[in-house]
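J.: Please find one structure pasted underneath; my questions will follow.
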Amino acid sequence: MSLHIASEEARLEARSLEETAAGQDQSVIRLENVSVRYRVPSGGIATFKEFMIRRLQGKVEYHSVLALDKVNLTIQRGEIFGLIGNNGAGKSTLLKVVARVLRPTEGRVWVRGRVAPLLEFGAGFHPELTGRENIFLNGTLLGYSHKQMEARFDQIVDFAELWDFIDAPLRTYSSGMWARLGFAVATDVQPDILIVDEVLAVGDEGFQRKGMARIKDFQEKGVTILFVSHNMQVIEAMCQRVAWLDHGTLQTLGPAAGTINLYRQSQSI
Amino acid sequence: MQRIEQLPIYDSLRQGSAALEELTEIFQYKDLVIQLVRRDILTRYKRSVLGVAWTMLNPLGTMLVLSIAFSKAFGIQQEGYAAYVLSGLIAWTFFAQTTNAATSHLVWGGSLLRRIYVPRTVFAVSAVGTGLVNLLLSIVPLLIVSLITGISIKPTLLLLPIPIIFLTFFALGIGLIVSSIAVYFADAAEMYQIVLTAWMYLTPIIYPESILDQRYLVWIIRLNPMYHLVKLFRTPVYDGVVPGLSQFLIAAIISLTVLIAGWLVFTKKADEFAYRV
């Protein structure tokens with residue numbers, strides 16, 4: 001009964017939130033008190049046998065890892081928003097809750113629009129398949145139908161500049177060609193929110209420029225971009241606002257230069 | 001650019017039944033299922049000379065070895081023994097291959113699951129799809145062997161889709177359960193191999209039911225769901241008769257129960273996969 005009331009409240013609250021969103025503000029991503037907690041068996045049990053033996057001995061203990069700790073942030077439409085922090089600070093976890101790969105343990109994630117991540121190098125490709133076959137495989141992984149991919153096929157190959165190799169198996173491609181194909185498939189359709197996680201560093205210089213130009217172009221058309229990088233120069237050049245995460249908590253959120261300075265100071269100590 | 005009000009909204013608080021949501025999601029991603037099946041079949045045959053013929057030759061080879069071993073060495077006398085073995089073997093191979101593939105595909109998809117949203121059952125469902133293609137292809141050699149060994153092909157063959165559907169449900173259910181365990185423990189997939197081997201010998205596939213002691217047979221029938229499913233598959237092909245209504249009912253109840261259980265377990269755990277795989 002109490003559960004029922006709680007969900008009813010959540011529903012009402014959800015509706016009021018939507019109304020305000022539709023009214024004035026242009027926020028597309030909202031994180032409210034978001035926490036993500038993993039429960040991990042202590043001592044890193046990796047095998048089933050070990051687990052059962054320890055279980056029988058009553059020795060399985062769990063400890064929880066707080067990957068995100070009550071994070072609040074709102075991102076407006078058309079922003080290029082940067083995320084910085086050391087490894088394990090919770091940047092990837094934050095991207096995951098936005099991309100609905102992970103559900104937050106507590107709090108609320110609210111996202112308006114289609115989220116498209118740029119996949120890491122080679123993810124979702126199969127080396128034995130041809131470029132053509134991989135475009136369809138990758139496109140359907142990103143949630144498009146076969147028909148939609150057929151309509152986009154020529155455009156994708158044009159952008160990737162791979163017409164000469166499109167019917168060769170991917171194992172014969174150079175790493176730059178892989179990256180071009182992946183980028184072309186993922187960005188062919190303009191998403192509402194684009195997640196860029198350290199992937200622009202691949203491909204040759206000419207293609208990197210082309211990729212950057214496409215991202216700039218997206219931004220001008222109102223696409224929101226979430227940008228993660230360890231390269232502070234790129235972050236400073238690309239982003240307006242930057243959030244610095246440390247051990248799952250939001251340290252600072254503000255204009256790029258100031259946040260990066262604070263982060264750098266903390267690193268030099 | 002669309003107006004902001006028209007964009008779809010994702011709200012982590014609004015969560016219905018995970019099992020039902022997954023069902024609608026997998027339907028929306030049906031083209032991905034087709035692409036994954038295509039990938040499996042193409043990559044398996046691309047670099048082999050014999051190509052798709054392997055699917056037919058593989059069970060034929062196993063059958064040949066087994067029927068020689070059993071009829072000559074153990075002196076089993078059964079009419080059309082080769083066709084008997086092959087019919088059971090095809091059903092079993094479908095089950096074993098599919099449940100294994102469901103597990104390895106989920107682990108393969110790990111790097112994707114951490115990055116993008118795809119319905120998590122897509123790997124198990126596509127594994128079943130690939131298995132079905134292979135199953136249908138291997139019915140061709142089964143018919144040839146039946147004719148050679150003097151088992152006449154009866155119109156009851158047209159009933160085969162029913163046992164195939166039940167086998168599909170059962171394999172999907174088990175595949176989902178095993179793969180959700182394999183996400184947590186690296187050795188689960190290997191242990192499952194041992195279970196599969198034992199399970200195969202507990203099912204009358206390569207030996208006729210008649211060699212079993214009555215006592216053991218009762219237990220196998222009671223406890224082994226694959227006994228019923230293999231039998232339902234074999235009856236219309238090998239025996240050439242319509243299976244009894246109770247046979248259909250038992251197979252239906254077993255396979256649906258396992259499918260629903262597997263689906264519920266998997267979808268309940270699926271949200272955790274992104275930081276496990």
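J.: Within segment B:256-263, identify whether any single residue is assigned to a helix (DSSP H, G or I), of a type outside the set (Ser, Thr, Tyr) and over 18 Å from the mean Cα position of the chain (by Cα), and answer yes or no.
T.: Just the residues of segment B:256-263 that are assigned to a helix (DSSP H, G or I), to begin with: B:256-263.
Subset that is of a type outside the set (Ser, Thr, Tyr): B:256, B:258-263.
Filter once more, keeping what is over 18 Å from the mean Cα position of the chain (by Cα): none.
Within segment B:256-263 (the criterion being assigned to a helix (DSSP H, G or I), of a type outside the set (Ser, Thr, Tyr) and over 18 Å from the mean Cα position of the chain (by Cα)), the answer is no, since none of the residues qualifies.
J.: Tell me whether segment B:200-211 contains one or more residues that are over 14 Å from the mean Cα position of the chain (by Cα) and aromatic (Phe, Trp, Tyr). So that I can check it myself, show each step before the final result.
T.: First pass over segment B:200-211, keeping only residues over 14 Å from the mean Cα position of the chain (by Cα): B:201-211.
Checking the rest, the ones that are also aromatic (Phe, Trp, Tyr) come to B:201, B:207.
Taking every residue of segment B:200-211 in turn, at least one turns out to be over 14 Å from the mean Cα position of the chain (by Cα) and aromatic (Phe, Trp, Tyr).
J.: Under the condition of being buried (at least 20 other Cβ atoms within 10 Å of the Cβ) and modelled with pLDDT of 90 or more, which residue from segment A:141-156 is nearest to A:Lys210 (Cα to Cα)?
T.: A:Ile156
J.: Taking the stated definitions as given, is A:Val234 surrounded by 16 or more Cβ atoms within 10 Å (Cβ to Cβ) and farther than 27 Å from A:Asn87 by Cα?
T.: Values: surrounded by 16 or more Cβ atoms within 10 Å (Cβ to Cβ): yes; farther than 27 Å from A:Asn87 by Cα: no.
Taking the combined requirement at face value, the residue does not satisfy it.
J.: Still on this structure, I have one more. Among what's in segment B:6-46 and is acidic (Asp, Glu) and within 8 Å of another protein chain (Cβ to nearest Cβ), pick the residue that is surrounded by the fewest Cβ atoms within 10 Å (Cβ to Cβ).
T.: Of segment B:6-46, the ones acidic (Asp, Glu) are B:11, B:21-22, B:25, B:31, B:40.
Still in the list and also within 8 Å of another protein chain (Cβ to nearest Cβ): B:11, B:31.
Details: B:Asp11: 16, B:Asp31: 19.
This residue is B:Asp11.
J.: If we scan segment A:238-253, do we find a residue that is without any contact (Cβ under 8 Å) to a residue 40 or more places away in the chain and over 25 Å from A:Val36 (Cα atoms)?
T.: Looking through segment A:238-253, none of the residues is without any contact (Cβ under 8 Å) to a residue 40 or more places away in the chain and over 25 Å from A:Val36 (Cα atoms).
J.: Determine which single condition A:Ser7 fails, assuming it passes every other condition in (1) at pLDDT 85 or above; (2) of a type in the set (Gly, Ala, Ser); (3) within 25 Å of B:Pro119 (Cβ to Cβ).
T.: Condition not satisfied by A:Ser7: (1).
J.: Is it the case that B:Ala171 is within 14 Å of another protein chain (Cβ to nearest Cβ), touching a residue at least 24 places away in the same chain (Cβ under 8 Å) and among the aliphatic types (A, V, I, L, M)? Give the derivation first.
T.: On the way: within 14 Å of another protein chain (Cβ to nearest Cβ): no; touching a residue at least 24 places away in the same chain (Cβ under 8 Å): yes; among the aliphatic types (A, V, I, L, M): yes.
The answer is no for B:Ala171.
J.: Now a separate question. Mind checking which residues of segment A:108-150 are over 22 Å from B:Ile26 (Cβ atoms), aliphatic (A, V, I, L, M) and either at the interface with chain B (Cβ under 8 Å from one of its Cβ atoms) or assigned to a helix (DSSP H, G or I) (or both)?
T.: A:Val109, A:Leu129, A:Ile135
J.: Find the residue count for segment A:56-107, including only residues that are under 17 Å from the mean Cα position of the chain (by Cα) and within 10 Å of another protein chain (Cβ to nearest Cβ).
T.: Matching residues across segment A:56-107 total 15.
J.: Separate question: Kindly establish whether A:Gly124 is under 18 Å from the mean Cα position of the chain (by Cα), surrounded by fewer than 23 Cβ atoms within 10 Å (Cβ to Cβ) and at positive phi.
T.: The answer is yes for A:Gly124.
The values are calculated or read from the model by the stated rules, or taken from the named source; none is laboratory data. Given the structure is predicted, the values throughout are model-derived calculations rather than measurements. Using ideal geometry, Cβ is built from the backbone for each residue, glycine included, and neighbour counts are taken over all protein chains shown.
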